[in-house]
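These notes are about the structure you will find just below.
The values are calculated or read from the model by the stated rules, or taken from the named source; none is laboratory data. Quick caveat: nothing in here was measured; it's all calculated off a predicted structure. When we count neighbours, we look across all protein chains shown, and the Cβ atoms used for this are built from the backbone with ideal geometry, even at glycine.
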Amino acid sequence: MALSESLKPVLDRFWNLRQEMTWILFGQFLGFIGGFIGIKFLTNLMGPHGYGQLALGLTIAGLFNTYVYGPVANVVIRFFSVYRERGQLGSYFSILRKSHRLMAVGGISLALVASGATGYFLGSEWALIILLSCLYGVTSGINVSFNSLQNAIRQRKIVALHQGADVWLRIGLSIALLLLFSKSGYFALLGYLSGTLLVTISQRIFALKNETIRKNWHLPATDPLLEKESFQEFSSYATSFMIFAVFASFSLYADRWILQGMFGSSAVGLYAAIFQIAASPVSIFFTMVSQLMVPIVFERAGSMTKVSQVESSGKLLNQTILVSSFVAIVITLALYLFSEPLVRIITNATFAKQHNLLWIIAMGLCFFNLGQQLTIKGLSFNRPRIYLWPKILQAVSLLMMAYFLALHFEIIGVAWAVCLSSLIYLVAVVSVNKKLCEKIP
């Protein structure tokens, strides 16, 4: 009887985790299928040139996440458990709401100015691409913050359904607009913007249905000094990610712009399509692991003021890395063995000529994501800035290798640059974590 009672909490915890895992898998499955359908239809509708325009537009939208909304999303997921523990969620939500309003106004203003300048110098087509890319970046960034909030509170079902809906709406509306109007990159981007906007509105509605969020969402700031201190704490944490963004923007998007400068939009389209195929299984797996494990690691870490918090969160992170490494090997091997038929089936014969890119890019993305998982250790101590020099090493090595390898090997040279620079990043993060562990008493 005593044994069964002692096992009950463990079994309950396992059952809850299994339920969470099921919803995460469901959401990633929806995104996986929708993503491949999107690649198939969009590459065939738009061809390498049009798909290259879309890919370049998405890099512009991605800059909003890299520089602005990504750092904020990290604040959202890291400090929810901390401020709940302190009983200060009112200040937490007050600061986040004000910050998002300011960022939205700034982002929309920037979009109007940038598109106007682009229209003057490059014409209306690229002006529309710039405008819609920026607006999509703002909308997608707000959506990411809601996702982080729902993940922090472990609302797996809501996150899964919205993630799946986001992919299918973006792809479906893009295809519809391309068929109804013209097969240009800006109509595809308009579909992306419209789909994510609908999902973001739904995200807000569902967030406020949660009792914990609803009770604290509109609480007035009772202590201006406390709110000021909280803002400084958030800013200090987010600033590190903003600094990282300078180098992350190169590591994430330099490959496409180097190809654009050296070989044109068609080369970008070929590369981007295969990159997306390679990224799909890697991104889905690591996103799934992140959604499941990061909130739990942070819950165990808490404020990291107790030895038990350090040991418990560290053990869970090590187990996560071990499983992720095994799956990364399986994914890379599968894409190496079946690269040509996969690319041909998902795109067409034109794109399949570059199928050798697939496993190289996948291996690089696995290296990068394993490095990202390892940074959770420093984040648990609220010390993200210790990963600055690994980010710098990755960005610099990617820029140098991508340019010189592209000169000699063209598109496949850029793929190898992504892979090797990601390996450098992984090794650098391991080195930083080793030094961090040596300093822990």
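Here are a few things to note about the model shown:
- When His100 is tested against (1) touching a residue at least 60 places away in the same chain (Cβ under 8 Å); (2) closer than 19 Å to Asn151 by Cα, only condition (1) is not met.
- Residue among Asn44, Asn65 that is in a helix (DSSP H, G or I) and at pLDDT 85 or above: Asn44
- Residue that is surrounded by the most Cβ atoms within 10 Å (Cβ to Cβ), among those in the range 230-277 that are modelled with pLDDT under 80 and closer than 17 Å to Leu58 by Cβ: Ser251
- Ser124 being among the hydroxyl-bearing types (Ser, Thr, Tyr) and crowded, with 20+ Cβ neighbours inside 10 Å: no
- Of all residues in the range 389-441, those being of a type in the set (Asp, Glu) and touching a residue at least 12 places away in the same chain (Cβ under 8 Å) number 1.
- Summed over the range 220-229, residues that are of a type outside the set (D, E, K, R) and surrounded by 14 or more Cβ atoms within 10 Å (Cβ to Cβ) total 2.
- Count of the range 336-373 residues which are within 22 Å of the chain's Cα centre (by Cα) and farther than 23 Å from Ala395 by Cβ: 2
Conditions tested, residue by residue: (1) under 30 Å from Val282 (Cβ atoms); (2) in contact with a Cys (Cβ under 6 Å, 6 or more places away or on another chain); (3) surrounded by fewer than 21 Cβ atoms within 10 Å (Cβ to Cβ).
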| position | (1), (2), (3) |
| --- | --- |
| Gln53 | yes, no, no |
| Gly57 | yes, no, no |
| Pro71 | yes, no, no |
| Gly87 | no, no, yes |
| His100 | yes, no, yes |
| Leu112 | no, no, yes |
| Ser133 | yes, no, no |
| Tyr136 | yes, no, no |
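- When the range 180-207 is filtered for residues that are free of Cβ contacts under 8 Å to residues at least 24 places away in the same chain and more than 24 Å from the chain's Cα centre (by Cα), the ones remaining, listed by number, are Leu180, Phe181, Ser182.
Yes/no matrix, rows are residues, columns are (1) over 30 Å from Trp126 (Cβ atoms); (2) of a type in the set (D, E, K, R); (3) outside the structural domain of Leu45 (by TED's automatic domain parsing); (4) buried (at least 16 other Cβ atoms within 10 Å of the Cβ):
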| site | (1), (2), (3), (4) |
| --- | --- |
| Phe181 | no, no, no, no |
| Gly185 | no, no, no, yes |
| Leu193 | no, no, no, yes |
| Thr196 | no, no, no, yes |
| Val199 | no, no, no, yes |
| Ile205 | yes, no, no, no |
| Ile213 | yes, no, no, yes |
| Trp217 | yes, no, no, yes |
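Residues are listed down the side, and each one gets a yes or a no for (1) in contact (Cβ under 8 Å) with a residue 12 or more places away in the chain; (2) farther than 22 Å from Ile39 by Cα; (3) in a loop (DSSP other than H, G, I, E, B):
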position	(1), (2), (3)
Ala114	yes, yes, no
Tyr120	no, yes, no
Ile130	yes, no, no
Gly141	yes, yes, no
Lys157	yes, yes, no
Asp166	yes, no, no
Ala176	yes, no, no
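- Every condition in (1) touching a Gly at 6+ places or on another chain (Cβ under 7 Å); (2) within 18 Å of Tyr253 (Cβ to Cβ); (3) surrounded by fewer than 17 Cβ atoms within 10 Å (Cβ to Cβ); (4) not hydroxyl-bearing (Ser, Thr, Tyr) is met by Cys419 except one, and the failing one is (3).
- Once the range 356-395 is narrowed to residues that are touching a Pro at 6+ places or on another chain (Cβ under 8 Å) and crowded, with 22+ Cβ neighbours inside 10 Å, the residue that is farthest from Ser324 (Cα to Cα) is Ala362.
- Selection of the range 346-382 for residues being at pLDDT below 90, closer than 27 Å to Thr43 by Cα and assigned to a helix (DSSP H, G or I) yields Ile346, Ala349, Thr350, Phe351, Ala352.
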